[in-house]
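Just below is one structure, and these are the notes that go with it.
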Amino acid sequence: MSKSKICHDSSSQYYSRTKNFTAFETLEACVAAGGRLPKGNLQHNKSSVTKRASSTTSESYSRSAFAHWTDDDGDCLNTRHELLQDLSTGPVTMSENGCRVLRGRWNDPYSGSALFDSSKMDIDHLVPLAWAWEHGAEKWTDAEREKFANDSINLFAVAASLNRSKGAKGPRDWLPPNRKFHCQYVTRYLRVMLKYDFDESARDGIRELRRRVCGGRE
């Protein structure tokens with residue numbers, strides 16, 4: 001969602017141009033949160049998107065159910081910027097007030113490339129929030145969801161474009177372009193699922209996927 005509350009998905013010409021935005025797992029979630037579709041080629045889809053958004057809200061999922069990018073230690077650096085600071089493999093450049101990381105050097109495991117500009121990066125929830133909700137998180141307490149959403153085991157610094165292409169997809173539907181990272185990706189995914197109270201059937205599905213992706217390695 002842009003600052004003007006317009007929702008763009010990857011089909012929009014403004015998708016990659018929008019620099020200041022609030023990220024949502026889906027276009028429907030953006031609309032459900034009070035956003036609107038841009039005029040033009042997406043306008044004719046408004047009724048269908050609104051209908052799907054209503055379905056999403058009827059299941060009670062909202063990104064706001066997972067309090068994230070918190071500043072628990074009160075140092076003005078939220079979870080995103082603390083993680084950017086910790087993961088940088090080189091010196092970081094901070095904003096004038098010291099509350100935001102502007103530049104550094106990050107190894108993006110999804111692409112296998114080095115990134116230097118934080119504005120072109122997202123902090124990805126490895127296990128997406130919407131996916132988590134559908135597979136057990138709806139039964140968690142608010143405190144448990146906040147812990148999950150800010151847990152570094154579930155966070156990667158990656159290229160924004162890859163995070164947005166992933167959306168709320170689980171590993172059965174999306175794996176990083178960097179094939180060398182596939183086994184680590186699914187293994188870490190399972191590690192997160194074992195740490196939190198997910199549905200056992202969902203865990204079993206990821207265990208089976210891991211066996212296939214990792215070639216039977218334990």
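Values in this text are rule-based calculations from the coordinates and carry no lab data. Being a predicted model, the structure only gives us computed values, none of them experimental. For neighbour counting, all protein chains shown are included, and Cβ atoms are generated from backbone atoms with ideal geometry for every residue, glycine included.
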query: Once the Cα gyration tensor of segment 48-200 is diagonalised, what are the square roots of 5 times its eigenvalues, in whole Å and ordered largest first, as equivalent ellipsoid semi-axes?
result: 26, 19, 16
field: Cα gyration tensor shape of segment 137-190, rounded if a/c is under 1.5, else prolate or oblate by comparing a/b with b/c
entry: prolate
statement: Among segment 170-186, those whose backbone N falls under 19 Å of a label point 7 Å along Cα→Cβ from residue 134 are 170-176, 186
- line: For segment 160-218, whose charge dipole is built from +1 on Lys and Arg Cβ atoms and -1 on Asp and Glu Cβ atoms, the candidate among 170, 193, 214 with its Cα farthest towards the positive end is 214
Packing-based order for 158-166, 112-120, using average beta carbon neighbours within 10 Å, highest first: 158-166, 112-120
Contour minus Cα-Cα distance for residue 4 and residue 67 (0.36 nm per residue): 20.4 nm
query: What's the center-to-center distance, using Cα atoms, between segment 123-159 and segment 61-112 in Å?
result: 16 Å
message: Give the residue list of GluC sites (Glu not before Pro) in segment 78-179 that are DSSP loop and have at most 14 other beta-carbon atoms within 10 angstrom.
response: 96
query: Using a basic spin-label model with each label point 7 Å from the Cα along Cα→Cβ, how many nm lie between residue 85 and residue 97?
result: 1.5 nm
statement: In this structure, among 5/180; 5/166; 3/139; 166/195; 120/180, pairs with alpha-carbon gaps over 27 Å are 5/180; 3/139
